[in-house]
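*Asks:* Take a look at this one; I'll ask things after.
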């Protein structure tokens, strides 16, 4: 019997039978594994290639972007590729690489940004996991966040000169907090990131609490310590810095853990 699933690009993905060998983008792979779907390997994106592929998965890593080991992909023999999409692209694979891989296995993409709520994204991954035969054990959790009186900024350490400030309306986990009343410092972009010079960060985003990108491509503590603008942010001076992952597993369990870590302070 044919297996059919419509992805968030509006594409009908069809295979001769239920896929059993899934290759997935790192975030999707962590999500599917957490929901009980076997994954044979994963790919990353350019920032994985730049900083290493460690994302907590004991699975073959095939590379990302343009630097994909297509012979390894062939050896893994996937019958479905699962990625995420921010705006219709197959995130984690260059257009040319995605086209070649699609000749081997269909590509399915789940939308994770823009006007999507975190719960809607989680439900989509539940639907996919169940369609792939998983007995999903990820009960709906209360993702209500208690508003804090502190001003909050979420950011990633981009370079020694620039910080990348997250637009909370773009990232589902941050949008959930904003909808609950958490006061983020305003950003000036409709996309994912506002690029701000480090020496202007405290003036433009005088936040009392900093959610800092914990991924390995974000500047580490030793680098941040050499950047004067970092230490000028009120939240940094007060020691109110918490880890934030822009690419978390998209499950209720992971989301509830994120919310509980942001208890009012």
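*Asks:* Just to check your reading of the model, which residue among 124, 116, 100 is outside any helix (DSSP H, G or I), assigned by TED's automatic domain parsing to the domain that holds residue 22 and either more than 17 Å from residue 31 (Cα to Cα) or within 15 Å of the chain's Cα centre (by Cα) (or both)?
*Replies:* The match here is 116.
*Asks:* Further question on the same structure: On the given criteria, is residue 192 under 19 Å from the mean Cα position of the chain (by Cα) and under 24 Å from residue 115 (Cα atoms)?
*Replies:* Yes, satisfied.
*Asks:* Can you name every residue in segment 86-110 that is surrounded by fewer than 20 Cβ atoms within 10 Å (Cβ to Cβ), touching a strand residue (DSSP E or B) at 6+ places or on another chain (Cβ under 7 Å) and closer than 24 Å to residue 253 by Cβ?
*Replies:* Of everything in segment 86-110, nothing turns out to be surrounded by fewer than 20 Cβ atoms within 10 Å (Cβ to Cβ), touching a strand residue (DSSP E or B) at 6+ places or on another chain (Cβ under 7 Å) and closer than 24 Å to residue 253 by Cβ.
*Asks:* If I filter segment 155-171 down to residues being touching a helix residue (DSSP H, G or I) at 6+ places or on another chain (Cβ under 7 Å) and surrounded by 21 or more Cβ atoms within 10 Å (Cβ to Cβ), which single residue comes out as nearest to residue 217 (Cα to Cα)?
*Replies:* Only one residue fits best here, namely 157.
Here's the yes/no breakdown for (1) closer than 18 Å to residue 116 by Cβ; (2) buried (at least 21 other Cβ atoms within 10 Å of the Cβ); (3) in contact with a helix residue (DSSP H, G or I) (Cβ under 6 Å, 6 or more places away or on another chain):
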residue	(1), (2), (3)
153	no, yes, no
173	yes, yes, yes
179	yes, no, no
225	no, no, no
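*Asks:* Right, something else. Report yes if some residue within segment 95-106 is closer than 22 Å to residue 36 by Cα and modelled with pLDDT of 95 or more; otherwise report no.
*Replies:* Yes: segment 95-106 contains one or more residues that are closer than 22 Å to residue 36 by Cα and modelled with pLDDT of 95 or more.
*Asks:* So which residues in segment 207-246 are closer than 19 Å to residue 184 by Cα, in contact (Cβ under 8 Å) with a residue 40 or more places away in the chain and under 19 Å from the mean Cα position of the chain (by Cα)?
*Replies:* Selection gives 210, 211, 212, 213, 244, 246.
*Asks:* Given (1) touching a helix residue (DSSP H, G or I) at 6+ places or on another chain (Cβ under 8 Å); (2) over 30 Å from residue 123 (Cα atoms); (3) in a strand (DSSP E or B), where does residue 195 come up short, assuming only one miss?
*Replies:* Unmet for residue 195, out of (1) touching a helix residue (DSSP H, G or I) at 6+ places or on another chain (Cβ under 8 Å); (2) over 30 Å from residue 123 (Cα atoms); (3) in a strand (DSSP E or B): (1).
*Asks:* Still on this structure, please answer the following. Criterion first (in a loop (DSSP other than H, G, I, E, B) and touching a strand residue (DSSP E or B) at 6+ places or on another chain (Cβ under 6 Å)) does residue 219 satisfy it?
*Replies:* Against the criterion (in a loop (DSSP other than H, G, I, E, B) and touching a strand residue (DSSP E or B) at 6+ places or on another chain (Cβ under 6 Å)), residue 219 qualifies.
*Asks:* Of (1) within 23 Å of residue 260 (Cα to Cα); (2) in contact with a strand residue (DSSP E or B) (Cβ under 9 Å, 6 or more places away or on another chain), residue 180 satisfies all except one. Which?
*Replies:* It is condition (2) that residue 180 fails.
*Asks:* Does residue 136 meet the test of being outside the structural domain of residue 177 (by TED's automatic domain parsing), part of a loop (DSSP other than H, G, I, E, B) and either loosely packed, with under 14 Cβ neighbours inside 10 Å or under 22 Å from the mean Cα position of the chain (by Cα) (or both)? Steps first, please.
*Replies:* Values: outside the structural domain of residue 177 (by TED's automatic domain parsing): yes; part of a loop (DSSP other than H, G, I, E, B): yes; either loosely packed, with under 14 Cβ neighbours inside 10 Å or under 22 Å from the mean Cα position of the chain (by Cα) (or both): yes.
Answer is yes for this residue.
*Asks:* Within segment 198-216, take every residue that is closer than 15 Å to residue 234 by Cβ and out of contact with any helix residue (DSSP H, G or I) (no Cβ under 9 Å at 6 or more places or on another chain) and give me the one that is surrounded by the fewest Cβ atoms within 10 Å (Cβ to Cβ).
*Replies:* Restricting to residues being closer than 15 Å to residue 234 by Cβ and out of contact with any helix residue (DSSP H, G or I) (no Cβ under 9 Å at 6 or more places or on another chain), the top hit is 203.
*Asks:* Kindly establish whether residue 56 is at pLDDT below 95 and over 15 Å from residue 127 (Cα atoms). I'd like the intermediate steps shown before the answer.
*Replies:* On the way: at pLDDT below 95: yes; over 15 Å from residue 127 (Cα atoms): yes.
Considered against the rule, which asks whether it is at pLDDT below 95 and over 15 Å from residue 127 (Cα atoms), residue 56 comes out as yes.
The values are calculated or read from the model by the stated rules, or taken from the named source; none is laboratory data. Note that this is a predicted model, so its numbers are computed, not measured. Don't worry about glycine lacking a Cβ; one is built from the backbone with ideal geometry, like all the others, and counts go over all protein chains shown.
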